[in-house]
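Before any comments, here is the structure.
Quick note: the coordinates plus some simple rules give every number you see, no bench work behind them. Given the structure is predicted, the values throughout are model-derived calculations rather than measurements. Virtual Cβ from ideal backbone geometry, glycine too; neighbours counted across all protein chains shown.
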Amino acid sequence: MLDDVVKRLESLGYTATEADAWVLGFIIEKVENHIKNDCNVSEVPDGLHQIAVDMVVGEFLFQKKSTGQLTGFDMEAV
């Protein structure tokens, strides 16, 4: 999923760095657990993969913006 998240971020104009890897991994696990718990399944269903990617991207960008680490990025475009 990490590759898809990175590609999605790039499509929105953000280039992920090596420093983002741990945070992205944490958010991916959080989103996957949220979906699995809500759906009462042991794996994220294939049909929800794109939703999970967008949830990760949204939470990542929100966290970056909240902490003042997202400079020069147009949130209106997202």
Amide H contacts under 5 Å for F73, restricted to residues at least 5 apart in sequence or on another chain and with H modeled in the peptide plane, are none
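Based on the mean of other beta carbon atoms within 10 Å per residue, what is the order of 4-11, 67-74, 18-25, most packed first?
Values: 4-11: 16.0, 67-74: 10.0, 18-25: 12.6.
The densest-packed peptide leads the list: 4-11, 18-25, 67-74.
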Relative to the chain, whose Cα atoms define the longest principal axis, helix 21-39 and its Cα axis are tilted in degrees, nearest 10, by 40
Straight-line reach check, K36, cutoff 24 Å on alpha carbons, 8 or more apart in-chain or any other chain, hits among lysines -> K7
From DSSP H assignment alone, runs of 4+ in the chain each adding -39500 (n - 2.57), the sum over residues rounded to the nearest 500 puts [θ] at 222 nm at -20000 deg cm²/dmol
To the nearest 10 degrees, the tilt of helix 2-11 (Cα long axis) against the first principal axis of the alpha carbons of the chain is 40
Restricting to aspartates and glutamates and to Cα separations under 19 Å from K30, and discarding same-chain partners fewer than 8 apart, the set is D3, D4, D20, D38, E43, D46, D54, E59
Residue-ordered couplings for region 62-78, obtained by feeding phi - 60° into the Karplus form 6.51 cos²θ - 1.76 cosθ + 1.60 and rounding to whole Hz (Gly and Pro as x), are 4, 5, 4, 5, 4, 9, x, 9, 10, 9, x, 10, 8, 5, 5, 5, 7
